Amino acid sequence: MVRKSKKPNTSPKFDPARPYNDLPLLPPQKALETLPVLRKCVGASRALAGLKEAACLIPNQDVLINSIPLREARDSSAIENIVTTNDTLFKYANTDPEKADDATKETLRYRTALMQGFKDVQQRPLSTRTAVLVCRTIKNTDLDIRQVPGTALAHHSSGKIVYTPPEGQALLRDKLANLEQFLHGDDEIDPIIRMAAAHYQFEAIHPFTDGNGRTGRILNTLFLIDKKLLDLPILYLSRYINDNRAEYYDRLLAVTTSGAWEPWLLYMLTAVEETSIWTTAKIRAIGDLMSATIDYVSTTLPKIYSRELIEVIFAQPYSRIANVVDANLAVRQTASKYLKELVAKGVLEERQEGRENIYLNIRFIDLLTSESNTYKAFS
């Protein structure tokens, strides 16, 4: 349904150097569901439904939950100039993260925050409480809604102040309460469009002293799960945002300075559509690789083959003997034998890490970390 605009939303009294306490509430007076936005929303909805369906193709959901959120964590953190590598992330994701460097620790906390938020929205609607939980986990500190003044956002290259968010905890909580009401109360607006509008609003409110960008990007996925458009936290939006970072910030700021909602919504809907299509193709490739691995191992190593063993080496791309033991597939000595036989057949690669051996599912790791959806055939 296309809503008629009552009057332009020109963001009154905006001065980038002063706290924007007059940030308008949602919904804006300017129509969100314009014809271009509705047309783009059709494609985004279709692609998102395809992603939800594709996830069901992987019987063991841990394969997706333990892998795709790590890529999301890396790219979302990279947007904030927190840089680590895929190899380092996968290495420490299934071991003690305290042994990792600081950037990797913080990126792994993003994955933890995403999973905690995922559990939270399965029990109660997305709320300010969820945002606080997520941000506390990312920053590893007992923070709350911002009380201190002085927060200002600068242009990434010039350093010039482009936005100063609202100040005062009571005001911030009022605006967050309005945001909750918009998310859960305005069912006439498509939920994907609501997600996009709410993401702008959350970033404009900027409720925490740090971690707002990463928290806001996690909330995007959690809201779609809340509204049953996804079952798992596997929408990898940060890939698109990271590849189009300058436009992301420009579109956000244009909503504030000139009420340019339509370009912002089109940007986010395109992100949802392209990300969903990309992730769906990645999931299908993962399914194909799992099937190829099952066929190869069952033929060449029939004495040790079980579907559960294959699921272990995909659920944890960096496997340890303990993973096989914990899955109740074998005692430690036998589990070691299984993994070494998989190494001998070229399914896994063995590495020494201190006193422990780690077994890498190289084809799976390469598939997860590359833009390509191809993998080396078994021979």
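The values are calculated or read from the model by the stated rules, or taken from the named source; none is laboratory data. What you see is a predicted model; the values in this text were computed from it and never measured. Methodologically, a virtual Cβ is constructed for each residue, glycine included, from the backbone with ideal geometry; neighbour enumeration extends over all protein chains shown.
For the reader, a short list of remarks on this structure follows.
- Any hit, region 39-46, residues being in contact with a Leu (Cβ under 7 Å, 6 or more places away or on another chain), outside the structural domain of Val324 (by TED's automatic domain parsing), among the hydrophobic types (A, V, I, L, M, F, W, C) and in a helix (DSSP H, G or I): yes
- All positions within region 119-157 that are more than 20 Å from the chain's Cα centre (by Cα) and either within 17 Å of Gly213 (Cα to Cα) or modelled with pLDDT of 95 or more (or both): Thr141, Leu143, Asp144, Ile145, Arg146, Thr151, Ala152, Leu153, Ala154, His155, His156
- Set Thr279, Thr275: member being within 22 Å of the chain's Cα centre (by Cα), closer than 30 Å to His155 by Cβ and buried (at least 19 other Cβ atoms within 10 Å of the Cβ): Thr275
- All positions within region 77-98 that are within 21 Å of Asn361 (Cβ to Cβ) and touching a helix residue (DSSP H, G or I) at 6+ places or on another chain (Cβ under 7 Å): Thr84, Asn86, Thr88, Leu89, Phe90, Tyr92, Ala93, Pro97
- Filter result (exposed (fewer than 15 other Cβ atoms within 10 Å of the Cβ) and not in a loop (DSSP other than H, G, I, E, B)) within region 344-365: Ala344, Glu349, Glu350, Arg351, Gln352, Glu353, Glu356
- For region 47-82, residues that are hydroxyl-bearing (Ser, Thr, Tyr) and in a helix (DSSP H, G or I) total 2.
- Candidates Leu224, Leu229, Leu252, filtered to the one that is modelled with pLDDT of 95 or more and part of a loop (DSSP other than H, G, I, E, B): Leu229
- Checking each residue in region 203-221 for being acidic (Asp, Glu) and either closer than 15 Å to Ser127 by Cα or at pLDDT 95 or above (or both) picks out only Glu203.
- Among the residues listed as Leu360, Leu269, Leu342, the single one being assigned by TED's automatic domain parsing to the domain that holds Arg239 and either at negative phi or at pLDDT below 95 (or both): Leu269
- Residue in region 164-181 that is without any contact (Cβ under 8 Å) to a residue 12 or more places away in the chain and either among the β-branched types (Val, Ile, Thr) or farther than 27 Å from Arg251 by Cα (or both) present: yes
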